[in-house]
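Inspection log for the structure reproduced underneath, given as structure tokens.
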Amino acid sequence: MTAVLFVGLYLAAVLYIGIFAFRRARHEGAEGFFLAGRSIGGFVFLFSLFGTHMTAFAILGSSGHAFSNGIVTYGLMASSSALIVPLLLFTLGTRLWSAGRRFGHFTPVQIFRDRWECNHTGTLIFLLQAALLLPYILIGMIGGGTVLRTLSGGQVPYWAGSGLVAVVIMCYVTFGGMRGTAWVNTFQTLLFLSFGAVAVVVIGRGMGGFEQATQSLLADPLLAPLLTRERIPPAVFFSYTFMPLSAIAFPHISIFCMTARKMSQFKRTVILYPICIVLIWLPCVFLGVAANSAREIPAIRDKVAARALLTAEAGNMPPATLSQVRARASGDDVLVVLLNHYAPVWLAGLLGAGIMAAVMASDSQILALSTMFTEDIFAWYGHAERYGEQAQVITGRIFIFVVTLAAYLIALRVPAGIFELAGQYAFAGFSALVPLFVGALYWRGSTKYGALASTLWVMAAVAGVAWFQAATPPPSGPPATYWSMGGIPLLQRTASGTAIAGFLPVLPMTLVSAFLMFAVSTLTPKPSRATIDRYFPGR
């Protein structure tokens, strides 16, 4: 529990930052609460934007996935993200900033409604974004509960750890708004970047050096494939290159792009973003892989044994037993397990606080959802004009409480791992929404009907994947084929999700969404010339 006390001190510091931000921003109105008055400086913009993006998925999810699948985890997300995310910020992020500044928009839905002269299509987009953002909010709750439970050796139960994280996030987001969230995210990002390097050194020395850990893996025929791409099929590997597209469509990223004081702040962010990705993903992935060689740790030994049992006997296990064994084999907590074993208790506490800093990025997602609700629903349907701007801010704060409570209750029942939960729903759905951003910000010929067709397709595709996975049990061995044509499997249920012609759902979802946006927009009436000229002057 000594290590948990350090995490408690960190949480207290985060609360103080939120209260300090509240004292500064309480008289600024809606724009001050939801967008920090569009006054975020360059340093805070870079590290807060990065911290908002790198959640428990990047810390616990990456190390857990690497523990089970190997070094290929880095290639799945980090390498493509280092190229694609800065490109998205440079092209679409700056356009979002410009549209928000020129026309006073707070959210992407406001831009879509204004750009395409639509009403109910914007409401549908809001509902879809809210539904897709919920799994990502859950990741923070799951990550917080996992860290505190593992760091305390089980003395802090999962429900209590998740609840504590939920309360802290709810407090500083409710009081501090966007300014408090940005300051906290900056503090959290700097904390983990600093302690992450220390964790690598301490754990590496405790394991006898990473060379020895690597040699130990190579010497074991069952573990040697972890140092190759062998566990991930090429089609799945290629599918993951579509996942980083989701970054700009995430409401907490697109809304945050509108908070910058000036457009030149994007330059430094685009340049330094890939470096920050390397600094976080590389140690997490490598520590996750190396954890397989730490057989002297009982928890690691049990995880490896459970994984071997799944490989050999999963087909003979009843569903309840299979679920329990899969939970034992999960690697989402291996980073904290390594810290507990190899670091002194005080250092494990400090490093645990650093990990907690990275997994608590649900704050920005909750604030983004509140911003969208108050602007795209409450204000759009006339309630802001009727009740006033102060009522709009109060409504946003109440919504933060409701969303946080709902996310916490759902997180207690979600069985999926962090990596799979994000990839199957949040990343896939938001990647498929990127054609809406491209169409609205770059294509004069895009229409509300194209946006509607794309939105309805993403809704149907995500719901279809969720229904299919709920209706079909995950196979214990090779993927189970449910639909094939000419001997080619077109729809398969895999152990971690769904495969369509061998690819992850994100690929066909994104391609079909782009096609519908183009085809339907080409055949349907355009917005008024005045609206098009406002967004594309001089063209």
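The values are calculated or read from the model by the stated rules, or taken from the named source; none is laboratory data. Everything numeric in this text was worked out from a predicted model, so none of it was measured. Glycine also receives a Cβ, built like all others from the backbone with ideal geometry; neighbour counts cover every protein chain displayed.
Descriptive notes on the structure:
- You will find that of Arg113, Arg102, the residue that is assigned to a helix (DSSP H, G or I), surrounded by fewer than 19 Cβ atoms within 10 Å (Cβ to Cβ) and in contact with a helix residue (DSSP H, G or I) (Cβ under 9 Å, 6 or more places away or on another chain) is Arg102 and no other.
- Flag for Gly204 being at pLDDT below 85 and more than 19 Å from Ile355 (Cα to Cα): no
- Top-ranked residue in the range 222-269 [being over 26 Å from Arg179 (Cα atoms), of a type in the set (Gly, Ala, Ser) and in contact (Cβ under 8 Å) with a residue 24 or more places away in the chain; ranked as surrounded by the most Cβ atoms within 10 Å (Cβ to Cβ)]: Ser239
- Selection of the range 454-464 for residues being of a type outside the set (Ser, Thr, Tyr) and surrounded by 21 or more Cβ atoms within 10 Å (Cβ to Cβ) yields Val458, Ala461, Val462.
- In the range 425-454, the residues that are among the basic types (Lys, Arg) form Cβ pairs under 7 Å with partners that are outside any helix (DSSP H, G or I) and at pLDDT below 95, at six or more places apart or across chains, as follows: Arg444/Phe536; Arg444/Arg539; Lys448/Glu117; Lys448/Cys118.
- Scanning the range 169-186 for residues that are modelled with pLDDT of 85 or more and under 16 Å from Gly354 (Cα atoms) gives Trp183, Thr186.
- The residue that is modelled with the lowest pLDDT, counting only those in the range 381-407 that are over 20 Å from Gly37 (Cα atoms) and hydrophobic (A, V, I, L, M, F, W, C), is Ala407.
- Positions within the range 197-247 being within 15 Å of Ala294 (Cα to Cα) and in a loop (DSSP other than H, G, I, E, B), in sequence order: Met207, Gly208, Gly209, Asp220, Leu222, Leu223
- Here Trp183 passes the criteria (1) in contact with a Ser or Thr (Cβ under 7 Å, 6 or more places away or on another chain); (2) within 17 Å of Ser362 (Cβ to Cβ); (3) surrounded by fewer than 24 Cβ atoms within 10 Å (Cβ to Cβ) except the one numbered (1).
- Candidate set: the range 260-297, residues that are part of a helix (DSSP H, G or I) and among the hydroxyl-bearing types (Ser, Thr, Tyr); chosen: the one nearest to the chain's Cα centre (by Cα): Tyr273
- Residues that are among the small types (Gly, Ala, Ser) and either surrounded by 14 or more Cβ atoms within 10 Å (Cβ to Cβ) or touching a residue at least 12 places away in the same chain (Cβ under 8 Å) (or both), drawn from the range 500-539: Ala501, Gly502, Ser513, Ala514, Ala519, Ser521, Ser528
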